[in-house]
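Single-structure report; data block below.
Any read-out appearing in this document is the output of simple, stated calculations on the displayed coordinates, not a laboratory observation. Because the structure is a prediction, the values reported are computed rather than measured. Note that each Cβ is placed from the backbone with ideal geometry, even for glycine, and that neighbours are counted across all protein chains shown.
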Amino acid sequence: MASGTLYTYPENFRAYKVLIAAQYSGAQIKIADDFVFGETNKSEAFLKKFPLGKVPAFETCDGKCITESNAIAYYVANDQLRDSEILPASCAWVFPLLGIMPYNKQNVEHAKDDVKKALTALNSHLLTRTYLVGERLTLADISVAMTLLHLYQYILEPNLRKPYQNVNRWFQTIIYQPESMAVIGCFKLAEKTLEYDPKKFAETQGKPSKKEKKEKESKKESKESKESKEAKEAKESKKEAVEELDPTDIALAAEPKTTNPFDTLPKGSFDLDDFKRFYSNEDEAKSIPYFWQKFDPEHYSIWLGEYKYNNELTKVFMSCNLISGMYQRLDKMRKGAFASACLFGTDNDSSISGIWVWRGQELAFTLCPDWQVDYESYSWTKLDPTKEETKELVQQYFSWTGADKEGRKFNQGKIFK
Ligand SMILES: N[C@@H](CCC(=O)N[C@@H](CS)C(=O)NCC(=O)O)C(=O)O
């Protein structure tokens with residue numbers, strides 16, 4: 001397993017590729033805590049190891065020096081992630097708005113077109129796929145998602161991202177994985193596109209370089225006060241780097257934000273984990289009566305979720321990916337929910353529906369923004385647990401039998417637990 005030291009400045013999306021890949025592979029990465037961008041990477045010692053003077057840069061425990069974020073990410077990845085990589089859309093739209101590149105209307109308009117083309121292509125690629133390559137998350141997903149991070153963060157407000165529903169769904173799948181959240185925290189999609197502010201660029205440009213600053217300061221200030229100011233700055237930038245980049249700190253800092261919404265609802269008497277264990281280990285002839293014996297209707301509810309776009313379903317395996325993708329995106333919901341979703345029918349003639357049980361009486365997806373990616377593609381009916389029809393539906397979906405309303409026979413089922 002790879003291990004070593006990563007040199008980077010805080011919030012570097014290129015370094016995120018490396019850090020997220022490492023979350024998956026278990027690679028042991030230490031972030032150089034005394035790194036100061038513009039200084040460390042220009043020092044003689046650094047240039048000796050990394051002649052281009054660019055970051056991220058990675059020094060392995062056995063002394064190999066690697067540059068290029070994609071190469072480092074590949075190096076720290078494991079076999080599952082090393083499938084392929086797709087080069088991303090340009091960030092030329094974002095940087096002028098952040099004030100780190102001059103604003104040139106023509107260039108930005110051009111970049112907008114490029115981004116639209118890239119997103120359109122990506123959107124059709126993802127129409128029938130959960131991930132970019134194959135059926136599991138790979139480095140390609142991490143890499144492309146991180147390159148789109150700023151677009152989703154600063155530019156793609158709801159109207160702008162609306163045409164790219166498949167990309168949106170995929171992007172959210174990637175960024176809400178625990179491994180991604182451990183690095184970037186709880187990501188928020190743009191609510192409003194960042195507006196161009198000419199002052200921002202002037203400020204970043206007007207800021208003297210470290211060398212100019214030194215020269216100016218030596219003229220204006222006494223040596224003593226300059227030294228104390230620099231020491232303070234160095235300390236602060238070091239503090240910032242340590243505070244923002246240590247992966248353990250980031251993971252810990254992300255924790256309070258990930259409090260489970262079900263924790264706010266009373267637990268009741270139904271021990272869902274116990275039922276899940278029973279269901280996994282026992283035959284349905286035992287587990288379904290057990291469910292009814294333990295179910296607490298006051299604190300839990302039962303719902304039928306029916307996919308609204310069955311006529312768009314094609315290959316059975318793709319529809320199954322749709323169900324697994326939804327389950328993955330709802331990872332945190334497992335704590336207070338159980339479901340059995342079934343695919344009925346065959347290729348080009350199928351339907352998806354499922355029986356869901358969760359804590360609380362309301363539609364659970366409304367409790368948390370992370371849970372709202374897929375649920376609107378389903379119609380939700382709350383079932384009365386005292387009714388015979390409900391008992392029949394629970395029996396059918398928990399035991400994976402029967403047919404849908406159109407008579408398509410049960411084909412495959414997936415359990416959310
Ligand atoms: N293709 C490289 C780009 C690295 C890069 O340009 N890094 C910038 C910071 S975002 C840098 O270190 N610039 C310092 C310099 O050019 O002197 C990668 O993906 O790692």
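Of note:
- Radius of gyration and Dmax over the Cα atoms of segment 25-68, both given in Å: 10.6, 32
- A crude spin-label estimate for the pair Glu191 and Thr314, with each label 7 Å from Cα along the Cβ direction, gives 3.8 nm.
- Stretching Asn260 away from Lys335 to a fully extended chain increases their span by 26.2 nm, per 0.36 nm per residue minus the current alpha-carbon distance.
- Counting every other Cβ atom within 10 Å of each residue's Cβ, Met181, Met326 order from fewest to most as Met181, Met326.
- Remark: Met1, Met146, Met318 ranked as Met1, Met318, Met146, counting other beta-carbon atoms within 10 Å and listing the fewest first.
- When peptides 281-289, 6-14, 371-379 are ranked by their average number of other Cβ atoms within 10 Å per residue, the highest-first order is 6-14, 371-379, 281-289.
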